[in-house]
1. Of the heavy-atom accessible surface of chain D (probe 1.4 angstrom), what whole percent is carbon and sulfur?
2. Can you give the helix-only mean residue ellipticity at 222 nm for chain A, where every DSSP H stretch with n ≥ 4 adds -39500 (n - 2.57) and the sum goes over all residues, rounded to the nearest 500 deg cm²/dmol?
3. Report, in deg cm²/dmol and to the nearest 500, the calculated mean residue ellipticity at 222 nm for chain C, where each DSSP H run with n ≥ 4 adds -39500 (n - 2.57) and the sum is divided by the residue count.
4. Beta carbons within 10 angstrom, averaged per residue: use that to sort the peptides A:210-222, B:23-35, A:35-47, B:166-178, highest first.
5. Just to confirm a number: summing +1 for Lys and Arg and -1 for Asp and Glu over residues other than residue B:235 whose beta-carbon lies under 15 angstrom from that of residue B:235, what do you get?
6. Indicate the residues belonging to segment D:1-39 that lose 30 Å² or more of solvent-accessible heavy-atom surface (probe 1.4 Å) upon moving from the chain alone to the assembly of all protein chains, ignoring ligands and nucleic acids.
7. Answer rounded, prolate or oblate for the protein assembly as shown, using the Cα gyration tensor with square roots of eigenvalues a ≥ b ≥ c: rounded when a/c is under 1.5, else prolate when a/b is larger than b/c, else oblate.
8. Provide the buried accessible surface between chains B and C in square angstrom, both chains summed, 1.4 Å probe, rounded to the nearest 100.
Amino acid sequence: WEGTEHQLTKEQVVRYSRQIILPSFGAQAQSRLCNSSVLIIGAGGLGSPVAMYLAAAGVGRLGIADRDAVELNNLHRQIAHRESTVGIHKCDSAGLTCRSINSSIQVEMYKDGFNQQIAMELASCFDVIVDATDNAPSRYLISDACVLAGKPLVSGAAIGTDGQLTVYNHGPDGPCYRCLFPEAPEPQSCSSCSDAGVLGVVPGIIGSLQALEAIKLASGVGRPLSRSLLLFDALAGRFTTVKLRQRMPSCIVCGTSPRITAESLLSYSYATFTGAPSHDAGPAPLELL
Amino acid sequence: WEGTEHQLTKEQVVRYSRQIILPSFGAQAQSRLCNSSVLIIGAGGLGSPVAMYLAAAGVGRLGIADRDAVELNNLHRQIAHRESTVGIHKCDSAGLTCRSINSSIQVEMYKDGFNQQIAMELASCFDVIVDATDNAPSRYLISDACVLAGKPLVSGAAIGTDGQLTVYNHGPDGPCYRCLFPEAPEPQSCSSCSDAGVLGVVPGIIGSLQALEAIKLASGVGRPLSRSLLLFDALAGRFTTVKLRQRMPSCIVCGTSPRITAESLLSYSYATFTGAPSHDAGPAPLELL
Amino acid sequence: MITCKIELSGGLETLFGDSKEHSLQVEPENGQATLGDVIISARDKLLTERPELFMKNRSVRPGILVLINDTDWELTGQLQTIVEDGDTVTFISTLHGG
Amino acid sequence: MITCKIELSGGLETLFGDSKEHSLQVEPENGQATLGDVIISARDKLLTERPELFMKNRSVRPGILVLINDTDWELTGQLQTIVEDGDTVTFISTLHGG
Ligand SMILES: [Zn+2]
Ligand SMILES: [Zn+2]
C-alpha cells in the first residue's frame with residue numbers, strides 16, 4: 001500500500017470517487033491514470049468505446065488517430081459518432097464526444113492517421129498504444145513502432161460475430177505482433193468489417209475490453225493480457241483464453257538481431273510485405289439488396 | 001435461409017448494411033430487430049452501453065426506466081450521460097444520446113423507474129427486458145414481472161472489478177432469479193457501486209454483453225446465455241462460464257404451485273423480503289479524502 | 001483426506017484473505033467428502049473474517065451460488081454432493097451493482 | 001489411430017462446412033500422430049472449400065495460429081507436436097477488422 005498521497009483535485013476526487021473508494025484501485029491508481037497518456041489508433045467500432053471509457057475514466061491525455069469521415073453505415077457500431085457528425089472527420093466527432101464526457105482531460109487529434117512518417121514520434125509520446133484499426137498493414141506498422149518505442153500495445157479485432165484481444169510487447173517476455181505472425185497473410189484471406197460485415201455490438205465488447213487493458217497498463221493495476229489471447233464467439237456467448245508464445249529471438253523487430261529499426265521503419269514497405277495498401281479505399285457500394 | 005424478403009427501408013439498408021451483409025445475421029434478422037422492443041431498466045453504468053448499442057443496432061422501440069438524475073460521480077462509468085446533463089433526469093439524458101445516434105427509432109421514457117404499480121404493464125409491452133439496476137429488491141421485482149409476463153430477462157451486474165451476466169426465464173427450462181436465489185441475501189451482504197465502488201469500464205463490458213444478449217433474443221440469432229452464468233474478473237482479464245440449474249418446480253413464481261401471481265405482485269413486500277428499500281437513497285458523501 | 005481447489009468470486013475473496021484461489025484439505029466425516037464437509041473446512045481453515053457473510057446454519061448464506069467443477073450444485077446434489085480429490089469448488093456471491 | 005477434437009475460429013469455420021467444432025480421426029504416418037498429420041487429415045477429411053486459405057506448403061497458411069489444448073503450438077513443438085487421443089486442436093485466423 002502506497003499511503004494516501006495523491007495529486008488529485010477536489011473535482012477529480014468527486015468525479016472519480018467510485019473508482020477511488022475501490023480498495024483495489026484507490027487514489028494512487030486514479031492519480032497515475034490522470035497523469036497517463038493513451039493513443040487510440042482508429043476511431044471506429046473498436047475505438048469508439050475505447051475513447052469514451054478512457055475519457056470517462058480520466059486518462060489525462062488522449063490521442064485519437066484516424067483519417068476517415070463518419071458515414072451513416074458506421075453508426076450501427078461506432079457509438080462515439082452521431083447522426084449530426086456524419087460527414088465530419090472521425091477525430092473531430094470522437095473528440096467532441098470525449099470532451100462532452102470529460103472536459104478536464106486533454107484530447108489530441110491526429111487527422112492523417114497513424115502513418116509511417118509520424119509512427120515513431122507518435123508511439124514515443126504516449127504511455128500506452130491501442131490498436132483499433134481494421135487492416136493488416138496498419139497492424140504491422142503499429143506493432144513495429146511500439147516495439148521500437150518500447151510501448152505496450154493493446155490490440156483488439158472484431159469481424160462478423162468473432163472478436164480477439166491481446167496485449168503485445170509488454171514485460172520482459174511479451175511477444176509482438178510479428179512474433180506471432182512473422183509472415184503476413186495473403187490479402188484474399190483478410191476481410192474487413194466493410195466487406196465482411198460485423199454485428200455492431202461485437203467491436204463494442206472488444207473495444208470495452210481494450211479500454212480495460214489500457215486502464216490496467218496505465219494505472220499499474222491488475223494483470224494485463226500479455227502472452228494470452230482472448231477469443232470471443234458472440235453467437236455462443238463464449239470467451240476462451242489461450243496461452244501464447246513468448247518473444248521470439250528470430251523476430252525481425254523485437255528479436256536478437258533486428259532488421260527493422262527506428263531508421264529503417266520509414267522506408268519499410270508495408271504494402272509490399274502485406275500485399276495490400278495500408279488503408280482500404282472505402283467500402284464498395286452495397287449491391288445485395 | 002429465409003429468402004430475401006424484408007421490410008427495410010432504403011435508409012435502413014444503408015444504415016445497417018454492415019450487419020445485413022453478415023451471412024449469420026442478414027436482412028431478416030435486421031428486420032426482426034427493427035420490429036422489436038426492448039425495455040432497459042436502469043440508465044446507469046450497465047444501462048448506458050445497453051441503450052447506446054441497442055439504439056445503434058436499430059431496435060425499433062426502446063424503453064428506458066430510471067428515476068435518478070445524472071451526477072458528476074456517475075460520469076466515470078455512465079457513458080450515455082454528459083457533463084452538460086448533470087442534474088438532468090437520466091431518462092432524458094440517455095434518451096437524448098440514443099436519439100442522437102439513431103433518430104429513426106422510438107425511445108420511451110419511464111421516469112418513475114420500474115416500480116410495482118407499473119411492473120406488469122411495462123414487462124408485458126416489451127419483447128425483451130434488460131435488468132441494469134443496482135439493488136436486490138429491484139432485481140426480484142423485475143424477475144417476478146418477467147416470469148408473470150412471459151418475457152426473457154437479460155440480467156447483468158458489476159461491482160468493484162467483478163461482473164456477472166445471465167439470461168433468466170428463457171425457453172422451456174430456463175430458471176428465473178428466484179430459482180437461483182429463493183431466499184434474499186441479508187442487506188449487509190449486498191454492496192452497491194455507490195458504497196463499494198466500481199472500476200468504470202467493468203459495467204461497460206457487462207452492459208455491452210447485455211446488449212448483445214438482447215440483440216440475440218430480439219433477432220432470433222445465436223444461443224442466448226440461458227442456464228449459463230458468465231463471470232468476469234477484470235483484474236485477471238478472465239471470463240468463466242458456469243452451468244446453472246433448470247427452472248425449479250419449488251419456485252414460488254415460476255414453479256408448479258406459484259404463490260406470486262400477477263394480482264399478488266402488487267401487494268408483495270419486496271422491502272420486507274429483502275430487508276431493504278427498493279432503491280438506495282443515494283450515496284453517502286465521500287469522506288475518505 | 002482429499003485436496004480440492006477453492007475459488008471465490010463476487011467479493012467473497014475479501015472474507016478469505018483477499019485471495020481468489022486456495023487449496024483445501026478436507027477430512028471426510030463419514031468415508032467420502034461432501035460439499036457440506038468442504039464448506040465447514042473452508043470456514044475453519046480458510047475464512048479470515050465475518051463467518052456470517054459466508055455461512056448460515058450448516059450451509060452457505062442466501063445469495064451465494066456453489067459450483068463444483070463449474071456446475072451448479074443444485075444439479076449435483078447440493079450439500080450431499082461427493083467431492084473428489086482434485087475437484088474445484090467455487091463460491092460466488094451474487095452481485096447487485098450496476 | 002487417434003481421435004481429436006478440431007475447433008475453428010476467426011472465420012476459418014466457413015472453410016469447414018460452417019461448423020466450428022469437428023471430431024477427426026488421424027492415422028499417424030510414423031507411430032505417433034503429430035500436428036502435421038492433423039493438419040493434413042483436417043484438409044483431407046473436413047475441409048470443404050478453398051484449401052489455399054487453410055494450408056501453404058505442408059503447414060497452415062500465414063495468419064493462422066495453431067493451438068493444442070489452448071496452448072500456442074510454438075510452445076509445444078509446432079508441426080512435430082505429438083497429438084494424443086482426446087486432445088483439442090484449434091485453428092484461429094487472425095482478425096484485422098474493427
Ligand atoms: Zn517480435
Ligand atoms: Zn423461478
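1. Working: 1800 of 4210 Å².
Percent of accessible area from carbon and sulfur atoms in chain D: 43.
2. On the way: 11 runs with 97 residues, N = 289.
Value at 222 nm, helices only: -9500 deg cm²/dmol.
3. Details: 1 runs with 11 residues, N = 98.
Helices in chain C give a 222 nm mean residue ellipticity of -3500 deg cm²/dmol.
4. Working: A:210-222: 25.8, B:23-35: 20.0, A:35-47: 27.5, B:166-178: 21.6.
So the peptides A:210-222, B:23-35, A:35-47, B:166-178, ranked by packing, come out A:35-47, A:210-222, B:166-178, B:23-35.
5. Values: positive: A:216, A:223, B:238, C:20; negative: A:213, B:162, B:233, C:7, C:13, C:18, C:21.
That sum, taken over residues with Cβ under 15 Å, equals -3.
6. Correct list: D:20.
7. Numbers: a/c = 1.40, a/b = 1.19, b/c = 1.18.
Verdict is rounded for the protein assembly as shown.
8. Numbers: alone 13920 and 5590 Å², together 16930 Å².
Using a 1.4 Å probe, the pair buries roughly 2600 Å².
The values are calculated or read from the model by the stated rules, or taken from the named source; none is laboratory data. Because the structure is a prediction, the values reported are computed rather than measured. No Cβ is skipped: glycine too gets one built from the backbone with ideal geometry, and neighbour counts run over all protein chains shown. What goes into the accessible areas is simple: the full protein's heavy atoms, side chains included, and nothing from ligands, DNA or RNA. Shrake-Rupley method; radii C 1.70, N 1.55, O 1.52, S 1.80 Å.
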